[in-house]
């Protein structure tokens, strides 16, 4: 029972008293979330009631802006809980999520299906002279009205009731999907006690496995897990094919076993079918049709056109790449050797070693984490004039997390930036950017309320003998997520719902993928890449090999992304409920993009969190869509110089600071001077020659 005394001692409900009003993680306990969230709901409903009971004629100010600024407490509590549920969860948090997620879903529906509120919004939408509004105000009005329509405001009777039920179901289903995936990932371990089984593995990987053994309290041996820093190098370097096969099957059959309570097979069907039913309720042919109306792509025809263009351009090269890897495998293992998926990374790495004399272990010593941070922060300084200062007085939610104050070129405070680099049991796999507080301008004081953003990753951990030495891929991931964080930190809009990464989903990856381009640039690498023991800068010869190998197996990698896009679209362009075999459907959906043998029993859909528990349902194509944009955008930097102040200022002013205040193509053309084409991507990948 929630009492006044409970609320009085809740850190969410008192002034934080922290630097920049940051979240007081050190004072928050699990028992604080539910009462604070319920109080946040109560307060926002009171704010909504004040809007709907206003006797004055609905206006942009008393309705649209008033709604925009409602729910601050609820947003804070739900942001903190949601972020920690992904980055630092435990059994108690998992149980609480089963209570809070439906509450949030119900509250969201209570607002979007409030007839009095929608009537006022609709009145403003239909009776306001657009010329009297700023461009950003026009966008906010359009987004608010369309957002309510897309969330069922026009539904009546049974359709409205069913919409509520579907939202509740989806809230619980996506939560369960994620929990199953995390549990399966955390529960698996491959413990090796025979040193001969470690053949081929670099010392750094062996040391990390020994460290994992110690962390898990095991008596002896080397422990490998399904976390990326363990799984990826094992598949890349382990000479024992049977063990690669074993680990591959463990990873790719996650959430397919009905007998262990973690199967997502039925959940996948339910999520896909609920999305279809929801879309049909809203008057759309399928869920992709519903989603894509609010994307740059506009409809599934344009998505498939992009995927088909990529298939046509990259498939011949991908087949040549596979043939070359298989030829090497047969040279080493015999003419009857058949290259299987668990062999791909291993023999690809051997081919890369042979062609470019380059591998992760050669590069790791130059990518010590603290130096990489200096390089990435320094890039932001050079491009945008930003300064990062670590502040130990800012509370964090785990000892591995660092908090920084970020200052602009003129010395003014810009943002708080959290960085969380290493895997642990309470953190889901992958890498992501998120925020604890958005950016907006306070309507009463005119103060520009600055954002608090975070990047969360699962990078190689330090061992007893070595600091954290990153792979080149991890450096690229750092740049990617940092690009998202710049989109948040440099936000400069009036309204929070339009600031930072609140943009069309197929535009949101542009700032992140754009930053990855710097990873292969000599002038950038020379700003930070020094040997962690000798302090020698990375040799130009190694940098050249990085550049030369940048397109190694690029066509295969492209088809892999296309296959995920095809799978996503297959699930969400369905016009009839699915009751078939998930694995069989998956293999048919992406067959045209597969260039390695199919493995019975494996299934991607059941662990494909992006499209079944994230925001990428009918949107996974966005990565390739944005890659077209980022290649085209970086082509301008190549023309003007990769650190060009002019190009950087334009990118900041027209893309990073503007959020979703205007249509993304309008913003992009203002930056670039033209619409993007696929040509820059094809040239960058070596598929097409530059004229």
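The values are calculated or read from the model by the stated rules, or taken from the named source; none is laboratory data. Bear in mind the structure is a predicted one, so any value in this text is a computation, not a measurement. So basically every Cβ, Gly included, is an ideal-geometry build from the backbone, and we count neighbours across all protein chains shown.
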Only one of (1) in contact with a helix residue (DSSP H, G or I) (Cβ under 9 Å, 6 or more places away or on another chain); (2) outside the structural domain of residue 473 (by TED's automatic domain parsing); (3) in contact (Cβ under 8 Å) with a residue 24 or more places away in the chain fails for residue 352. Which number is that? (1)
Having 1 or more residues that are closer than 30 Å to residue 485 by Cβ and modelled with pLDDT of 95 or more is the bar; report the helices (runs of 4 or more DSSP H) wholly within the stretch 516-592 that clear it. 522-525, 540-548, 554-572
Of all residues in the stretch 394-408, which are in a loop (DSSP other than H, G, I, E, B) and closer than 26 Å to residue 90 by Cβ? 394, 395, 396, 397, 398, 399, 400
Just one of the numbered conditions (1) under 19 Å from residue 666 (Cα atoms); (2) at pLDDT 95 or above; (3) not in a helix (DSSP H, G or I) is not true of residue 506; which one? (2)
Hey, among 512, 563, which residue is in contact with a strand residue (DSSP E or B) (Cβ under 8 Å, 6 or more places away or on another chain), within 28 Å of residue 313 (Cα to Cα) and outside the structural domain of residue 139 (by TED's automatic domain parsing)? 512
It is to be established whether one or more residues within the stretch 161-176 are more than 31 Å from the chain's Cα centre (by Cα) and not assigned by TED's automatic domain parsing to the domain that holds residue 498. yes
Residue that is out of contact with any helix residue (DSSP H, G or I) (no Cβ under 6 Å at 6 or more places or on another chain) and either assigned to a helix (DSSP H, G or I) or surrounded by fewer than 21 Cβ atoms within 10 Å (Cβ to Cβ) (or both), where the choices are 680, 631, 626, 649: 649
If you go through the stretch 1-25 one residue at a time, how many are modelled with pLDDT of 95 or more, assigned to a helix (DSSP H, G or I) and touching a helix residue (DSSP H, G or I) at 6+ places or on another chain (Cβ under 7 Å)? 3
Exactly one of (1) closer than 27 Å to residue 451 by Cβ; (2) outside any loop (DSSP other than H, G, I, E, B) is unmet by residue 473. Its number? (1)
Which ones in the stretch 520-560 are surrounded by 19 or more Cβ atoms within 10 Å (Cβ to Cβ) and closer than 30 Å to residue 618 by Cβ? 553, 555, 556, 558, 559
Tell me, yes or no, whether the stretch 185-196 has at least one residue that is surrounded by fewer than 19 Cβ atoms within 10 Å (Cβ to Cβ), modelled with pLDDT of 95 or more and part of a helix (DSSP H, G or I). yes
Assigned to a helix (DSSP H, G or I), modelled with pLDDT of 95 or more and farther than 17 Å from residue 603 by Cβ: is that true of residue 274 in this structure? yes
Limited to the stretch 428-458, what total is found for residues that are closer than 15 Å to residue 418 by Cβ, within 21 Å of the chain's Cα centre (by Cα) and either touching a residue at least 40 places away in the same chain (Cβ under 8 Å) or part of a strand (DSSP E or B) (or both)? 14
Criterion (over 22 Å from residue 607 (Cα atoms) and crowded, with 17+ Cβ neighbours inside 10 Å) met by exactly one of 318, 239, 288, 327: 318
Residue count, the stretch 565-601 (criterion: closer than 13 Å to residue 265 by Cβ and more than 23 Å from the chain's Cα centre (by Cα)): 9
Members of the stretch 409-427 that are part of a strand (DSSP E or B) and either modelled with pLDDT under 95 or surrounded by fewer than 18 Cβ atoms within 10 Å (Cβ to Cβ) (or both): 413
Residue identified as within 30 Å of residue 666 (Cα to Cα), assigned to a helix (DSSP H, G or I) and either out of contact with any strand residue (DSSP E or B) (no Cβ under 6 Å at 6 or more places or on another chain) or free of Cβ contacts under 8 Å to residues at least 24 places away in the same chain (or both) among 285, 280, 305, 330: 305
Selection within the stretch 26-40 - in a helix (DSSP H, G or I) and surrounded by fewer than 20 Cβ atoms within 10 Å (Cβ to Cβ): 26, 27, 30, 31, 34, 35, 38, 39
Every residue in the stretch 355-374 that is in a helix (DSSP H, G or I), over 23 Å from residue 239 (Cβ atoms) and in contact with a helix residue (DSSP H, G or I) (Cβ under 7 Å, 6 or more places away or on another chain), please. 372
